[in-house]
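The structure under discussion appears below in the form of structure tokens.
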Amino acid sequence: MNAGVKDAISNIWRAAMIEKGFAEKFARDWIESWNSHDLDRILSHYSDQFEMSSPKIIQIAGEPSGTLKGKRAVGSYWRKALELIPDLRFELVTTLIGVGSITLYYKSAGGQLAAEVFYFGPDHKVFKAYAHYSLK
């Protein structure tokens with residue numbers, strides 16, 4: 001087996017090892033971070049080069065692809081979102097665990113339902129996230 005395949009299998013194995021306790025702690029801290037409106041605390045969950053996709057990026061950041069890359073770009077978008085929605089508050093509904101990923105299902109601004117999928121690297125930081133919102 002070549003080294004690349006071996007590394008890929010190793011990464012999948014590590015990714016599959018997300019534990020219930022980690023998922024619960026991540027969910028609790030992520031929700032609390034957003035509810036505190038502390039951007040540094042929010043960004044602490046993510047790797048420096050993470051990628052974020054969301055239909056809200058199109059609306060708020062004006063990025064037609066709906067995707068931003070890196071803490072600087074996403075941080076600017078989130079800063080703007082927090083300014084536009086000063087009473088933003090999330091309420092966790094449930095946490096779902098997958099292979100190397102966690103999905104948080106929560107109530108977002110105005111009670112809109114949202115599901116956000118987070119993919120984790122070996123450092124337990126999010127390297128990719130996808131946000132989904134209910135049709136309202």
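Every number in this text was worked out from the coordinates using simple rules, so none of it is lab data. Not measured: the values here are computed from a predicted model. Methodologically, a virtual Cβ is constructed for each residue, glycine included, from the backbone with ideal geometry; neighbour enumeration extends over all protein chains shown.
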Practice task
Taking a cut-off of 20 Å between Cα atoms, list the aspartates and glutamates near LYS20, but don't count ones fewer than 8 places away on the same chain.
Solution key: ASP29, GLU32, GLU91, GLU116, ASP123
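Could you give the length gained on full extension between SER134 and ARG79, defined as 0.36 nm per residue of separation minus the Cα-Cα distance, in nm?
Extra length available between SER134 and ARG79 comes to 17.5 nm.
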Problem - Hits among lysines - C-alpha to C-alpha of LYS80 under 28 Å, sequence gap 8 or more where chains match - result: LYS25, LYS56, LYS69, LYS71, LYS107, LYS125, LYS128, LYS136
Problem - Cβ-defined net charge surrounding ASP40, 12 Å radius [Lys, Arg +1; Asp, Glu -1] - result: +2
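Normalised by the residues of the chain, what does the relative contact order come to in percent, with Cα pairs under 8 Å and at least six apart?
25 percent
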Completion exercise
Computed over the chain: longest principal axis from alpha-carbon atoms vs helix 20-36 long axis, angle to nearest 10 degrees, is 30 degrees
Practice task
Calculate one ³J(HN,Hα) per residue across the stretch 45-56 by plugging θ = phi - 60° into the Karplus curve 6.51 cos²θ - 1.76 cosθ + 1.60, and present them in order as whole Hz with x for glycine and proline.
Solution key: 7, 10, 6, 4, 9, 5, 10, 10, 10, 6, x, 5
Practice task
Report Rg (one decimal) and Dmax (nearest whole number) for the chain, counting Cα atoms only, units Å.
Solution key: 15.4, 54
Fill in the blank from the handout: Once amide hydrogens are built 1.01 Å from N within the peptide plane, the residues lying 5 or more places from GLY98 or on another chain with amide H under 5 Å from its amide H are THR103
